[in-house]
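Worksheet: one structure, shown below.
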Amino acid sequence: RVKRAGGGYAFFDLNQDQGSPIEIEQLTALNHAIERDELRLVFQPIVEARTLRVAGHEALLRWERQSGTVSPETFIPLAESSGLIVPIGRWVIRQAALAVARKQVDCVSVNISALEFQQPDFVKYIETVVQEMGIQPHQLYLELTESCLLHAERYSAVIQQLFALGIYTALDDFGTGYSSLTAVAHLPVKILKIDRSFMVEIGESSVTGVKALEVLRGVVTIAKAYGLTIVAEGVETELQAQALAEVDCTYLQGYLFGRPMPLPDVLLPQEKAEAW
Ligand code: C2E
Ligand code: CA
Ligand code: CA
Ligand code: CA
């Protein structure tokens, strides 16, 4: 439940004797990050392997504190365990959709945590944002991890409802968890994002490099037979990009094509109403 309390979002009890003093300090600060305007989205291009045309962007969250930028690797887990990920995630969805509405990006992919996905009004929220922003549903993609699929009841129905609205989902970090390709194929998921840990040996001419590429070729072939679209993450070298194109990966994402970048002119949500 999203409850406002004292200007922040109350999901947790700071008096509970759990967490180190540093965590409690971070949690208190994170609780006010939205209203203090400390959250930012950066956007990383996803390119078509064949043409290198930019097909879309993934929105990635940054927390800019006075002490410096905090990595999502540290604050997302804290946001998840405290429940703050729900209001933060809604801010992310709104800002990402706003960037589309303003034509700053063509289409955008947003990361969704399991707790967000499990909210009973999740689909309704997405639908409302799409309507309010006046964007096309297919301009917004949702990236789910396996944790969404493990713990959420009726997750398949939720993905189906989103699909019916025209909002496609991607399974993020594929290959790092337990999901088999056949399990994924039976979900109404549209896109498979192959984790960057797979890229390490891709493009190398060593025996392991060649084997890794053949494994990937197999994954891509089967995934495509099931109608999935493939995105390879963490592409850093020209050799990787060539090898991935050669095994028929459709989309590529990584530092080779662009780092996550801020939009130059992101306005605050409050300013949106005035601008429109
Ligand atoms: P992710 O969804 O797997 O995002 C990809 C991460 O890999 C990003 O890290 C990105 O900057 C990084 N990356 C992209 N290309 C390359 C590359 O070529 N090489 C290397 N080494 N790294 C690359 P980032 O931005 O630090 O985000 C980390 C994780 O935090 C994300 O992993 C995602 O799980 C989570 N996250 C970020 N933003 C959000 C958000 O708005 N909501 C939620 N729930 N999670 C988020
Ligand atoms: Ca992602
Ligand atoms: Ca990923
Ligand atoms: Ca990841």
Let me know the shape class of region 44-139, please: from the alpha-carbon gyration tensor, a ≥ b ≥ c as square roots of the eigenvalues, rounded when a/c is under 1.5, otherwise prolate if a/b is greater than b/c, or oblate.
oblate
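Enter the accessible area per residue of the chain (Å², integer; probe 1.4 Å; all protein chains in place).
Values: 14090 Å² over 276 residues.
Solvent-accessible surface per residue comes out at 51 Å².
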Accessible carbon and sulfur surface of the chain relative to its total accessible area, %, 1.4 Å:
52 percent
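Do you know the relative contact order of the chain, to the nearest whole percent, from alpha carbon pairs under 8 angstrom that are 6+ apart?
Values: 438 pairs, mean separation 48.1, N = 276.
Contact order relative to length: 17 percent.
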Gain in span if fully extended, Tyr255 to Ala157, counting 0.36 nm per residue against the direct Cα distance
31.8 nm
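Expressed in nm to one decimal, what extension gain is obtained for the pair Val200 and Lys224 from 0.36 nm per residue of sequence separation less their Cα-Cα distance? The partial results should precede the final answer.
On the way: separation 24, 0.36 × 24 = 8.64 nm, distance 2.25 nm.
Result for the pair: 6.4 nm of gain on full extension.
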Within region 132-205, list the GluC sites (Glu not before Pro) lying in a DSSP loop whose Cβ has at most 13 other Cβ atoms in a 10 Å radius.
Glu153
Taking the simple approach of a point 7 Å from Cα along Cα-to-Cβ for both Arg102 and Glu35, what is their distance in nm?
2.4 nm
Lys pairs in the chain with Cα under 23 Å (8 or more apart in sequence, or on separate chains) total 8
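What is the gain in length, in nm to one decimal, between Val207 and Val42 on full extension, counting 0.36 nm per residue of separation less the C-alpha to C-alpha distance? Please report the intermediate quantities before stating the final value.
Details: separation 165, 0.36 × 165 = 59.40 nm, distance 3.74 nm.
Working it through step by step, the gained length comes to 55.7 nm.
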Assuming 0.692 mPa s and 37 °C, estimate D for region 132-237 with Stokes-Einstein, Rh taken as the Kirkwood radius over Cα pairs, in µm²/s.
221 µm²/s
C-alpha long axis of helix 85-101 to longest principal axis of the chain, angle in °
70 degrees
Based solely on its DSSP helices, what 222 nm [θ] is calculated for the chain when runs of n ≥ 4 H residues each add -39,500 (n - 2.57) and the sum is averaged over all residues, nearest 500 deg cm²/dmol?
-12000 deg cm²/dmol
Here FRET efficiency (C-beta to C-beta, Arg217 to Gln136, R₀ 35 Å, nearest 0.05) is 0.55
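Once you order the gyration tensor axes a ≥ b ≥ c over the Cα atoms, which shape class does the chain get: rounded for a/c under 1.5, otherwise prolate or oblate by comparing a/b with b/c? Mind showing how you got there, number by number?
Values: a/c = 1.61, a/b = 1.55, b/c = 1.04.
Verdict is prolate for the chain.
The values are calculated or read from the model by the stated rules, or taken from the named source; none is laboratory data. Everything numeric in this text was worked out from a predicted model, so none of it was measured. Note: ideal-geometry Cβ built from the backbone for every residue, glycine included; neighbour counts use all protein chains shown. We work out accessible area using only protein heavy atoms, side chains counted, and drop any ligands, DNA or RNA first. Shrake-Rupley method; radii C 1.70, N 1.55, O 1.52, S 1.80 Å.
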